[in-house]
Amino acid sequence: MDGLNKPSIRTALSSVPVSGIPRFQAFDLLATLVAVVRTNGTVVFANAALEDALGTSRRTIEGSQLPDCFTEPLILQNALEGAGSNEFAALRYDAWLRRLNHEPLPVHVVVAQTDTPGEAIVELLPLEQQAKQEREERLIDQAQANKELIRNLAHEIKNPLGGIRGAAQLLQMEIGKDLTEYTQVIIHEADRLQTLVDRLLAPHRRPHLVGDVNIHEVCERVRSLILAEFPKGLKVTRDYDISIPDFRGDREQLIQAVLNIAHNAAQALAERIAAGNAQITFRTRIARQVTFGKQRYRLALELHVIDNGPGVPDSIKDRIFYPLVSGREGGSGLGLTLAQTFVQQHHGLIECDSVPGRTDFKLLIPLP
Ligand SMILES: Nc1ncnc2c1ncn2[C@@H]1O[C@H](COP(=O)(O)OP(=O)(O)O)[C@@H](O)[C@H]1O
Ligand SMILES: [Mg+2]
């Protein structure tokens, strides 16, 4: 059994007894989408990643025609026939995978023969995966750089502030009453800056209180806070997967993170709240075999906060997680920076997908 020593997909496949689905179980551990098909196109097995990508269950996929999952079924049909008649060992091409409720996914298709006659293995490599991974890595590096910059800058501002305020107070005692208006401005502005700086430094100073966190408790808490502030015209819908397990984390930090996101959504919904048709949805799901940042995770929790507001303004779309970037009159631009920092302290990531009418902030947190 030389196949056991060589970790290639083809030999691994043939070295395991043919006894139904368990034969292919190892494919479920791959992030790549994999299907084992008969050369007439019938799916014998679809792995978990493919199931996820297609948005349908394995039971639905198995037994169906794999070529029908593509925008151009003929190419795969021909390729499979070629594999059946031993025309090649492996064939590669680019195609579009059709998905339920989603845009088609661009993939690189690899069709390979297996050692079982009449059977082929089809591997699909999402083309956007590479780009997405790079984007996420950039996001994390950027957040790290932001954090350092903020901390240093905040300290640089904080130090002289005390002096400025003190000097203004002394000056106020020396000069006549008619001029205290000016010294008051200095003192007031110094205090405002002090508050801002304290807020900038807060997330980095605060201890990480670790305990068991239930994500739905977090959502419920945020939901009641938001509804207390916006009692009319706003519906907050829950769509929970209650099988999500508790995980170790800082509950208060996560409440703050989700609250910042939900609060932004509610603010963006002002017009719809007035019209009485504003909606925010909290949706939780389990994601399997996900890659974000530079890490692969077997299980992760996905929390979507979705609103039906006007969307993030295009002018700041790429920068909303930066500190001090705000699209609102009087906004601090710190809400999302803080939320991202808190979620990253849980080794997670926040992503935003926004078009007018539907803004989706997705929190990803690895589960044990
Ligand atoms: N759900 C949303 N819909 C539309 N715009 C949003 C949404 N969430 C955030 N934004 C935009 O991102 C900006 C930055 O948000 P944030 O970091 O919380 O700062 P602030 O709320 O103080 O402006 C907001 O000012 C807003 O323009
Ligand atoms: Mg905000």
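Within the stretch 265-283, the set of residues being touching a helix residue (DSSP H, G or I) at 6+ places or on another chain (Cβ under 6 Å) and within 28 Å of HIS347 (Cα to Cα) comprises ALA266, ILE280, PHE282. Considering only residues in the stretch 292-323 that are farther than 16 Å from VAL343 by Cα and of a type in the set (Val, Ile, Thr), the one that is surrounded by the most Cβ atoms within 10 Å (Cβ to Cβ) turns out to be VAL312.
Has the stretch 129-149 got any residue that is modelled with pLDDT of 80 or more, in contact with a Pro (Cβ under 9 Å, 6 or more places away or on another chain) and in a helix (DSSP H, G or I)? Yes; the residues of the stretch 129-149 include at least one that is modelled with pLDDT of 80 or more, in contact with a Pro (Cβ under 9 Å, 6 or more places away or on another chain) and in a helix (DSSP H, G or I). Annotation note: Cβ proximity below 8 Å between a residue of the stretch 345-368 that is in contact (Cβ under 8 Å) with a residue 12 or more places away in the chain and a residue that is hydroxyl-bearing (Ser, Thr, Tyr) (sequence gap 6+ or interchain) occurs for CYS352/THR359; ASP360/SER354; PRO366/TYR297; LEU367/TYR297. Selection of the stretch 158-180 for residues being loosely packed, with under 15 Cβ neighbours inside 10 Å and modelled with pLDDT under 85 yields ASN159, GLY176, LYS177, ASP178, LEU179. The single residue among SER315, SER326 that is out of contact with any Ser or Thr (no Cβ under 6 Å at 6 or more places or on another chain), assigned to a loop (DSSP other than H, G, I, E, B) and either within 11 Å of ligand 1 (Cβ to nearest atom) or among the basic types (Lys, Arg) (or both) turns out to be SER326.
Considering LEU259, LEU338, LEU254, which residue is more than 14 Å from ligand 1 (Cβ to nearest atom) and either out of contact with any Gly (no Cβ under 7 Å at 6 or more places or on another chain) or in the same structural domain as ASP28 (by TED's automatic domain parsing) (or both)? Residue meeting the stated conditions: LEU254.
Could you please let me know if ASP212 is over 30 Å from GLU271 (Cβ atoms), over 19 Å from the mean Cα position of the chain (by Cα) and of a type outside the set (S, T, N, Q)? The answer is yes for ASP212.
Looking only at residues of the stretch 267-291 that are over 17 Å from ILE215 (Cβ atoms) and within 20 Å of the chain's Cα centre (by Cα), we find that the one that is nearest to ligand 2 (Cβ to nearest atom) is THR291. Residues in the stretch 269-281 that are surrounded by fewer than 23 Cβ atoms within 10 Å (Cβ to Cβ) and outside any loop (DSSP other than H, G, I, E, B): ALA270, GLU271, ARG272, ILE273, ALA274, ALA275, GLN279, THR281. Looking only at the stretch 198-219, which residues are assigned to a loop (DSSP other than H, G, I, E, B), at pLDDT 75 or above and of a type in the set (A, V, I, L, M, F, W, C)? The answer is VAL210, and nothing else. The requirement of being closer than 23 Å to ARG358 by Cα, modelled with pLDDT of 85 or more and within 11 Å of ligand 2 (Cβ to nearest atom) is fulfilled somewhere in the stretch 306-320, by at least one residue.
Among the candidates LEU336, LEU364, the residue that is within 19 Å of the chain's Cα centre (by Cα) and either within 13 Å of ligand 2 (Cβ to nearest atom) or in a loop (DSSP other than H, G, I, E, B) (or both) is uniquely LEU336.
Taking the listed residues PRO356, PRO368, the one that is over 20 Å from GLU220 (Cα atoms) and either within 16 Å of ligand 1 (Cβ to nearest atom) or modelled with pLDDT of 90 or more (or both) is PRO356, with no other qualifying.
Yes or no, residue by residue, for (1) without any contact (Cβ under 8 Å) to a residue 24 or more places away in the chain; (2) more than 14 Å from ILE350 (Cβ to Cβ):
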site: GLN295; (1), (2): no, yes
site: ALA300; (1), (2): no, no
site: LEU303; (1), (2): no, no
site: ILE306; (1), (2): no, no
site: ASP314; (1), (2): yes, yes
site: GLY327; (1), (2): yes, yes
site: THR337; (1), (2): no, no
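Residues in the stretch 24-60 that are of a type outside the set (A, V, I, L, M, F, W, C), surrounded by fewer than 19 Cβ atoms within 10 Å (Cβ to Cβ) and farther than 18 Å from TRP96 by Cα: GLN25, ASP28, ARG38, ASN40, THR42, SER57, ARG58, ARG59, THR60. Summed over the stretch 24-71, the residues that are among the hydrophobic types (A, V, I, L, M, F, W, C) and touching a residue at least 60 places away in the same chain (Cβ under 8 Å) give a count of 13. Here GLU136 clears all of (1) out of contact with any Ser or Thr (no Cβ under 7 Å at 6 or more places or on another chain); (2) farther than 30 Å from GLU351 by Cβ; (3) surrounded by 13 or more Cβ atoms within 10 Å (Cβ to Cβ); (4) not polar (S, T, N, Q) except the condition numbered (2).
The values are calculated or read from the model by the stated rules, or taken from the named source; none is laboratory data. Because the structure is a prediction, the values reported are computed rather than measured. No Cβ is skipped: glycine too gets one built from the backbone with ideal geometry, and neighbour counts run over all protein chains shown.
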